[in-house]
Amino acid sequence: MNITVRIWRQHDQAAAGRMVSYKVDGISPDMSFLEMLDVLNDQLTAAGDDPVAFDHDCREGICGMCSLVINGIAHGPEALTTTCQLYMRHFDDGDTIDIEPWRSESFPILRDLIVDRSAMDRIIQAGGYISAPTGSAPDAAATLVPKKNADRAFDAAVCIGCGACIAACPNGSGMLFTGAKANHLGVLPQGQPERHERALAMVNQHDAEGFGGCTQIGECTAVCPVGIPLDVISFLNADVLSALPRKTD
Amino acid sequence: MSTGNVAGVRSTAARSSVALHAAMAVTGLIMILFLLAHMYGNLKVFEGQQGFDGYAAYLREIAQPLLPHAGALWILRVILLASVLLHIFSAFTLWHRSRSATGGKGGWRYETTKNRRGVQRSYASFTMRWGGVVIGLFVIYHLLHLSADVIAPGGASASPYQRMVNGFQIWWVVLSYVIALIALGFHLRHGIWSAFASLGANKSVGTRRFLNQLATVVMLIILVGFLVPPLAIFAGWVS
Ligand code: HEM
Ligand code: SF4
Ligand code: FES
């Protein structure tokens, strides 16, 4: 396959960026999207140019590092797929592919396609954990968890923290991520004592980071590589709203 | 959890986007209840002048003599006005936050011209804000026309029935009304679903489907209920 890529190049946070076109020839349809970029970078390096900086780590769809907006869609055209798990066979010979970084005012661009996603870490730090002492590992089945809750916790816990939801949201909202992280703890017995405090703290941090509010559009769920359901936002809203009027915890 | 100042956390959360959306949802639902009652009133036009003007007079007599003349109506008006103001305040605050979060560009912040409409968002969902502004402007014009009798296309009258019948014989009055109702239809299609989801009701795939169907049904009832009287007047069935 011979393709053209248009890539956002930006030297550092302060520099202005722009889209730059490159031709990449001899791509195998079995290459992953990131391997295609590796080929481009070999080409650039050989020509004495700066390679394109992009985030990646596991390359098997579990770490949440890869983060490219491909033709305007976070993680590209395939549903339930991270950028690293996207293959070139989903594109056609001769295609022009536009590649941009996640865009959110809360994600400063560090270089080219790499953005700083620490804002998401700070939301977790604000409450996405359990601090109630739970003792040593309990006997299996000593604490019963209804199947429904276990499933829901698992569905929410699979969030890999990539930030695609934020990149895709017309409001730049981080509520799908925040909802997933609050929800997987909030439906399990260990997460109950701090459930309401957690919801308030995480939502406050979400807003303090400058993310927008959720208007229930659902673009986030269309790009989420692990299929986090929109319900997690309603769960979080319900926890916040029921926590607001309480005088004590 | 080291959140320390619990009261501070609460007062910050009371200004969070979640709280503002809840305020917008509750006030939006109050406005919808009003719209349903208003629609019922409009349909009284088919009972003729006596029925319609009688209903208008009755609205001013509710709970009399417990309340003074038009007392109940004024209580409703104050609740409604407070809802409108809170709804608009929240809408603009959240609008501003979304713009700041996306460098002022919202869903159009990527250089590419591909997939500009996103993957699955609906037309209704991305016309909420400008559509809301259209509705707001229409409401002002509408009050000046049919409530305050300040502008009087077709001729002023002390009779609400006459004002309505006079007004809706003019094509552009009907047209502006229809355009505003279409804007309202889109606003309600997304708004009713969104309101319940903002309040925490969207808890399963089944509920999500139900809420979306509910939004469509309520939107259609309101749309048809409001469209029938002016169109009937325009067609000359009511005169
Ligand atoms: C008859 C009048 C109106 C009704 C019945 C109504 C109803 C609603 C409802 C139920 C919602 C959903 C709340 C939520 O997202 O949780 C909503 C949202 C909204 N309304 Fe209204 N509204 C009306 C007028 C207006 C006006 C005059 C404006 C003008 C500024 C406006 C602007 C908005 C905006 C911006 C949203 C937020 C949409 C979003 O962020 O998803 N609305 N409305
Ligand atoms: S909710 Fe989905 S899109 Fe958002 S951070 Fe988690 S895995 Fe990524
Ligand atoms: S590189 Fe780890 S998920 Fe894509």
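Observations
- For region A:163-176, the candidate set comprises residues that are more than 16 Å from ligand 1 (Cβ to nearest atom) and open to solvent by less than 10 Å² (accessible area, probe 1.4 Å); within that set, the residue that is farthest from B:R109 (Cα to Cα) is A:G163.
- Conditions (1) of a type outside the set (A, V, I, L, M, F, W, C); (2) within 16 Å of ligand 3 (Cβ to nearest atom); (3) assigned to a helix (DSSP H, G or I); number of the one not met by A:R152: (2)
- Scan of region B:179-204 for residues that are in a helix (DSSP H, G or I) and among the polar types (S, T, N, Q), ordered by number: B:S194, B:S198
- Taken over region A:65-86, the residue count meeting the criterion of being more than 10 Å from every other protein chain (Cβ to nearest Cβ) and open to solvent by less than 60 Å² (accessible area, probe 1.4 Å) is 10.
- Condition broken by A:Q125, with the remaining ones in (1) in the same structural domain as A:C165 (by TED's automatic domain parsing); (2) in contact with an Asp or Glu (Cβ under 8 Å, 6 or more places away or on another chain); (3) outside any loop (DSSP other than H, G, I, E, B) satisfied: (2)
- Any chance A:P51 is in contact with a Lys or Arg (Cβ under 8 Å, 6 or more places away or on another chain) and surrounded by fewer than 16 Cβ atoms within 10 Å (Cβ to Cβ): no
- Applying the set (1) of a type in the set (G, A, S); (2) at the interface with another protein chain (Cβ under 7 Å from one of its Cβ atoms); (3) open to solvent by 10 Å² or more (accessible area, probe 1.4 Å) to A:S242 leaves exactly one unmet item: (2).
- Taking the listed residues B:S125, B:S100, B:S176, the one that is open to solvent by 30 Å² or more (accessible area, probe 1.4 Å) and under 30 Å from A:S234 (Cβ atoms) is B:S100, with no other qualifying.
- Test: A:A199 is within 27 Å of B:S125 (Cα to Cα), surrounded by fewer than 22 Cβ atoms within 10 Å (Cβ to Cβ) and more than 7 Å from chain B (Cβ to nearest Cβ): no
- Hey, B:R77 in contact with a helix residue (DSSP H, G or I) (Cβ under 9 Å, 6 or more places away or on another chain), free of Cβ contacts under 8 Å to residues at least 60 places away in the same chain, of a type in the set (K, R) and open to solvent by 40 Å² or more (accessible area, probe 1.4 Å) or not: no
- Taking the numbered list (1) within 14 Å of another protein chain (Cβ to nearest Cβ); (2) polar (S, T, N, Q); (3) surrounded by fewer than 22 Cβ atoms within 10 Å (Cβ to Cβ) in turn, A:S118 passes all entries but (1).
The values are calculated or read from the model by the stated rules, or taken from the named source; none is laboratory data. Keep in mind the model is a prediction, meaning the values are calculated, not measured. Don't worry about glycine lacking a Cβ; one is built from the backbone with ideal geometry, like all the others, and counts go over all protein chains shown. For the accessible areas, the whole protein counts, side chains as well, though only heavy atoms, and no ligand, DNA or RNA atoms are used. Shrake-Rupley method; radii C 1.70, N 1.55, O 1.52, S 1.80 Å.
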